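The values are calculated or read from the model by the stated rules, or taken from the named source; none is laboratory data. Keep in mind that what you see is a predicted model, and the values were worked out from it rather than measured. Cβ atoms come from the backbone with ideal geometry, glycine included; neighbour counts cover every protein chain shown.
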Amino acid sequence: MTSAELHAYVRETFASYAGLPASEIIDQDLTLAQIVARSEKMNNSLDLMEAFARTANALKKTHGVRVRLPTFPLDTPITTVLQALAEQLPQEASKAS
């Protein structure tokens, strides 16, 4: 699987767990707080953390890639968080091969 495919997988999987379209989350560069506020699946930052943890678990289970979940304040744009995860993917993807 290419790095671009892994990035897309992370975006789509997180969006699914957040209960929002990936295009809305990414195109509008929502902050973590805005994601929680717009999501019908999330009530607080713990739900947000669970969505990221489930995304990381799915990545490990389906692609054998392990990532560390970064911590950011709720005013952080999602692209910043996804970039932090994406920076781990190429190194991890080569280990999983």
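Which pairs do you get when a residue that is assigned to a loop (DSSP other than H, G, I, E, B), found in segment 79-97, comes within reach of a residue that is modelled with pLDDT of 85 or more and of a type outside the set (Lys, Arg), reach meaning Cβ atoms under 7 angstrom, with the pair 6+ apart or on two chains?
Within 7 Å, the pairs are GLN88/VAL67.
In segment 9-18, what count of residues is obtained for those that are over 15 Å from VAL67 (Cβ atoms) and either free of Cβ contacts under 8 Å to residues at least 12 places away in the same chain or out of contact with any helix residue (DSSP H, G or I) (no Cβ under 6 Å at 6 or more places or on another chain) (or both)?
3
So, in segment 58-77, how many residues would count as being surrounded by 14 or more Cβ atoms within 10 Å (Cβ to Cβ) and of a type in the set (Val, Ile, Thr)?
Total meeting the criteria: 3.
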